[in-house]
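**Q** If you scroll down you'll find the structure; I have some questions about it.
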Amino acid sequence: MAIFEGSGVALATPFYENGEINYDVLKDLVEEQIAGGTDCIVACGTTAEASTMTHEEHIEVIRFVCEVVNKRIPVVAGTGSNCTETAIYLSQEAEKAGADGILVVSPYYNKATQKGLIRHFTAVADSVKIPVLLYNIPGRTGVNIEPETIVYLCKNVENIVGVKEASGNFSKIASLMSMAEGCVDVYSGNDDQIVPLMALGGKGVISVLANIAPKQTHDICQSYLDGDVKTSAKLQLQAIPLVNELFCEVNPIPVKAAMNLMGKKTGPMRLPLTDMEPENQEKLKKQMEAYGLL
């Protein structure tokens, strides 16, 4: 049984101007997502700027989101690290905090071999009882989790159940789905590839777009799951110009700018991320208007 089907939001973390976490706004964002039909909250992923949080902040955000959600929908916690012991620590704390699953990115900077990846992910998964999703994003980590590695892990480690695929490499993804024979739950990590990935048997998306368009992102997935591929494809294509602007600078710079334009008060980025360039923000604003968000 998959942790979820449909649209999971990679939730942004709101900050005050001084850089502290704004839990009042975070609560509002979670409630907005649930009201918008989002099927799963992913806390402390890339979009959440988890890489600039202290361990204490990281764990507290996961705990807070779990408390607010209160089992209404699943909460998946980002707990990856390039240090295996750190990933184990964060994963165990996320389980204690009430997370329904964890999302574990491949170790960045180290550039581990596939053997190293297997040992890393196995050690993290063995340290908890909740389901584990791998996170394949070679553009940020410098290493691809090969299809054979993903299938091996899902077949041989009981609680490794799937992968967030953000490689964008559909030849590799097709090979993965072919080898998996249904044993790997695959989620799109790219908002412009939701429908094509679901057409190969994917379960849905872990989405940046859902931060500003939760209902629309949910509807892309739900239409497909309901068998209405034509509507799903139409909704996917309608979102493409906006999605392109959401990734014209490194995530989450554009999406937090978009959220602030919508009055969501998510505040600034933490360094080393900086505010969006004015000319890019203007292009983003125009696409948000065209999509009906402003």
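The values are calculated or read from the model by the stated rules, or taken from the named source; none is laboratory data. Just so we're clear, the structure is a prediction, and the values are computed from it rather than from any experiment. Every residue, glycine among them, receives a Cβ derived from its backbone with ideal geometry; neighbour counts consider all protein chains shown. With ligands, DNA and RNA removed, areas are computed over all heavy atoms of the protein, side chains included. Shrake-Rupley method; radii C 1.70, N 1.55, O 1.52, S 1.80 Å.
**Q** Taking the stretch 32-57 as the region of interest, how many residues are open to solvent by 10 Å² or more (accessible area, probe 1.4 Å), under 28 Å from residue 221 (Cβ atoms) and assigned to a helix (DSSP H, G or I)?
**A** Total meeting the criteria: 5.
**Q** What pairs can you find where one residue is in the stretch 1-26 and surrounded by fewer than 17 Cβ atoms within 10 Å (Cβ to Cβ), the other is among the small types (Gly, Ala, Ser), and their Cβ atoms are less than 8 Å apart, with a gap of 6+ or different chains?
**A** Listed by first residue and then by second, the contacts come to 16/267; 17/267.
**Q** Identify the single condition in (1) in contact with a His (Cβ under 7 Å, 6 or more places away or on another chain); (2) polar (S, T, N, Q); (3) assigned to a helix (DSSP H, G or I) that residue 7 does not satisfy, given that it satisfies every other one.
**A** If we test residue 7 against (1) in contact with a His (Cβ under 7 Å, 6 or more places away or on another chain); (2) polar (S, T, N, Q); (3) assigned to a helix (DSSP H, G or I), just (3) comes out false.
**Q** Shifting gears a bit: Just one of 244, 251 is part of a loop (DSSP other than H, G, I, E, B) and either modelled with pLDDT of 95 or more or over 16 Å from the mean Cα position of the chain (by Cα) (or both); which is it?
**A** Answer to the check: 251.
**Q** Residue under question is residue 230, and the condition is that it be over 29 Å from residue 25 (Cα atoms) and out of contact with any His (no Cβ under 7 Å at 6 or more places or on another chain); does it hold?
**A** Considered against the rule, which asks whether it is over 29 Å from residue 25 (Cα atoms) and out of contact with any His (no Cβ under 7 Å at 6 or more places or on another chain), residue 230 comes out as yes.
**Q** Which pairs turn up if I take residues in the stretch 178-192 that are over 16 Å from residue 136 (Cβ atoms) and touching a residue at least 40 places away in the same chain (Cβ under 8 Å) and look for partners that are open to solvent by 20 Å² or more (accessible area, probe 1.4 Å) and part of a helix (DSSP H, G or I) with beta carbon separation below 8 Å, at least 6 apart in sequence or on another chain?
**A** 192/240; 192/244
**Q** Looking only at the stretch 223-236, which residues are open to solvent by 60 Å² or more (accessible area, probe 1.4 Å) and in contact (Cβ under 8 Å) with a residue 12 or more places away in the chain?
**A** Passing the criteria: 225, 229.
**Q** Okay, next question. Pairs only if they're at least six apart or on different chains, beta carbon under 6 angstrom, first in the stretch 99-120 and touching a residue at least 24 places away in the same chain (Cβ under 8 Å), second among the acidic types (Asp, Glu) and open to solvent by 30 Å² or more (accessible area, probe 1.4 Å); list them, first residue then second.
**A** Within 6 Å, the pairs are 114/146.
**Q** So in the stretch 237-294, with the set limited to residues that are touching a Leu at 6+ places or on another chain (Cβ under 9 Å) and of a type in the set (Ser, Thr, Tyr), which one is surrounded by the fewest Cβ atoms within 10 Å (Cβ to Cβ)?
**A** The selected residue is 291.
**Q** Quickly run through the stretch 171-204 and pick out the residues that are closer than 21 Å to residue 246 by Cα, open to solvent by 20 Å² or more (accessible area, probe 1.4 Å) and either over 13 Å from the mean Cα position of the chain (by Cα) or among the acidic types (Asp, Glu) (or both).
**A** 192, 193, 196
**Q** Those residues that are more than 16 Å from residue 259 (Cβ to Cβ), out of contact with any Leu (no Cβ under 8 Å at 6 or more places or on another chain) and modelled with pLDDT of 95 or more, I need them from the stretch 1-18; list them, please.
**A** Across the stretch 1-18, the qualifying residues are 4, 7, 8, 18.
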